[in-house]
Amino acid sequence: MKLRVAVVYGGRSGEHEVSLRSARSILAAMDRDRYDPVEYFIDPSGKWRPAPIVPEPGANPGIDVVFPVLHGTFGEDGTVQGLLELADLPYVGAGVLGSAVSMDKDMMKRVCRERGLPVVEHVVVFRRCSDPARIESQLPYPVFVKPSNLGSSVGISKARSREELVAAMDLAFQYDRKIIVERAIDGRELECSVIGNEEPAASLPCEILPSREFYDYEDKYLLDRAQFRVPAELDPAQMEEVRRLAVACYQAVECEGMARVDFFLERATGRIYINEINTIPGFTSISMFPRMWEHSGLPYPKLIDRLIELAFERHRAKRALRYAR
């Protein structure tokens, strides 16, 4: 019997279009001798088509496992994962806690710092106390300003002055009530893919060579001018340190299934900083998560197989737990 895989994509997010592209790639790569995919599209208003997944055990008989391909808010932040837990369905990727912590850049950095992992100096800002003077007293220019809960570089700006800082905060606050202001790192941008549940493994890392000042949304998805090195040109010690930190970050936020961990390698100091972790990384034709695994010996179709296996593995382990006396 083929496994009926519900591919859930679209969603109420600034990354809606990226989700569509990722879903198309996953659907094209699925082995149709093993899987019978069923598409669940969520439009930008949040309406499900053809129908929503019902948050009740046994109420979704046409689904064996769910593959969420929802980047950003209302999909990568634990909300859909909570729905799937209520429905008692196996699903690919991180659970509720890992998704929520990883999505919130503030909480992710707190957890990493508590584990002694290197993160860039930053200030957390809420709309009600967005005083630029307070930020300037703690961080030198230039800085990066980011919504705390969003991906694909949506709403991110670089600021070199108070005027630019105020404009950058205004933009970021359009996407979240909490924003992050970070010291700008002059460095190389690295990424590393991780898969696994209790025993995660890291791929060979890659390097992003942006065509613009930083790797923004346009450079990622529209311009097609950014370059990539897979694997990254690192010495053996740096290579192993990136892979070690990727797994350490993954475990710190209690991620499962899959994630992509992004880094900065500061040119002046040689220090490696964890930038963020993405629990539903891009799966488009140019996305680095599958490409890193391809170079690490796990081709795209086999990667999908492994992620679905991990979903069932975790679901079996959770079903063995007791929820009542």
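The values are calculated or read from the model by the stated rules, or taken from the named source; none is laboratory data. Keep in mind it's a predicted model, so treat the numbers as computed, not measured. For neighbour counting, all protein chains shown are included, and Cβ atoms are generated from backbone atoms with ideal geometry for every residue, glycine included.
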Handout entry: Hits in the range 130-139 (condition: within 16 Å of L171 (Cα to Cα) and loosely packed, with under 13 Cβ neighbours inside 10 Å)
Key = D131
Exercise for the section: Sort out which residues of the range 178-211 are under 24 Å from G95 (Cβ atoms) and either assigned to a loop (DSSP other than H, G, I, E, B) or more than 17 Å from the chain's Cα centre (by Cα) (or both), and write them in order of number. Expected result: K178, N197, E198, E199, P200, S203
Exercise for the section: Would you mind finding the one in L209, L222, L190, L265 that is in contact with a strand residue (DSSP E or B) (Cβ under 6 Å, 6 or more places away or on another chain) and at pLDDT below 95? Expected result: L209
Exercise for the section: Test V38 against the stated conditions and say whether it is under 17 Å from M258 (Cα atoms), among the β-branched types (V, I, T) and either in contact with a Lys or Arg (Cβ under 7 Å, 6 or more places away or on another chain) or not in a loop (DSSP other than H, G, I, E, B) (or both). Expected result: no
Exercise for the section: Return the pairs, sorted by first residue and then second, in which the second residue is among the small types (G, A, S) and buried (at least 20 other Cβ atoms within 10 Å of the Cβ), the first residue lies in the range 102-120 and is without any contact (Cβ under 8 Å) to a residue 12 or more places away in the chain, the beta carbons are less than 6 Å apart, and the residues are 6+ apart or on different chains. Expected result: none
